[in-house]
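Read through the structure below, which is laid out as structure tokens, and then see the notes.
Bear in mind that the values in this text are calculations on the coordinates, not laboratory data. Predicted model, so just to flag it, every value in this text is computed and none were measured. Using ideal geometry, Cβ is built from the backbone for each residue, glycine included, and neighbour counts are taken over all protein chains shown.
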Amino acid sequence: MRRWMMLPPFAVALTACVTINVYFPAAEAREAAKQFVEKVINEPGAKTVDPAKPGGGSASIDSPWNERMAATLARVDFASVLGIGAAQAQGQPDITLKTPAIQAIQARMEQRFNGALRGGFDAGALGFTADGMITVRDATKLGLKDRVSVNQAVADDNRDRAAVYREIAVANGHPEWEPRIREVFAQQWIASARSGWWYQSGGSWKQK
């Protein structure tokens, strides 16, 4: 305790800044997930919801203003006062999701969802799993001629899902955030699921 109290103010402030750098900004991650998910599952021609605007979304996850503001103030104050460079002060998810790799994955998922997966969700054949993936929960609701193609689409989509969770974490300089990113996205897929779609919760299947 005495050693901590004897540290100069600058050292104490620097230690606090290091803690901020590894903080996982959940509110920003939720906004990023909603933006991504809604674009993928929106019907063709539907207006993409801006998560920053009030009243948007079919089943939104609110992002607390206080949490977001506190994280912003912490980054600005310590980075500016202590003279820490932008590269060191960063650590926020790319809420616009504008990296080429993320956008390429999103485009593939959107095309695949509209082409091969939406019908399976509407029919009750597919469902969102609790770990941010999708699965065939009831193959009997698929036509025999569609089963092979839908199974392939599910496998392809799950590869892209794993890739995008990893890419978002890596693109923001924190590969260790991947499990947290996956968790936030898993919640958002379920929150954005349309009426009648199935999802896993508490080890069992539930219908929106």
Between the range 110-141 and the range 143-203, the alpha-carbon center distance in angstrom: 11
Phi-derived 3J(HN,Hα) across the range 119-127 with the Karplus relation (6.51, -1.76, 1.60, θ = phi - 60°), rounded Hz, x for Gly and Pro, is x, x, 5, 4, 7, x, 7, 10, x
Beyond 19 Å, how much of the Cα-Cα pair distribution for the range 124-208 remains, as a whole percent? 44
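Give the order of 109, 133 when sorted by the count of other beta carbons within 10 angstrom, beginning with the fewest. Provide the component values of the computation, followed by the final result.
Working: 109 22, 133 19.
In order of increasing Cβ crowding within 10 Å: 133, 109.
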Of 39/98; 34/98; 34/206; 98/206; 39/208, which ones are farther than 24 Å apart at the Cα? 98/206
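For residue 166 and residue 138, what does the FRET efficiency come to when R0 = 35 Å and r is the distance between their Cβ atoms, rounded to the nearest 0.05? If you can, show how the numbers build up before the last one.
On the way: r = 30 Å, r/R0 = 0.84.
My answer for the efficiency is 0.75.
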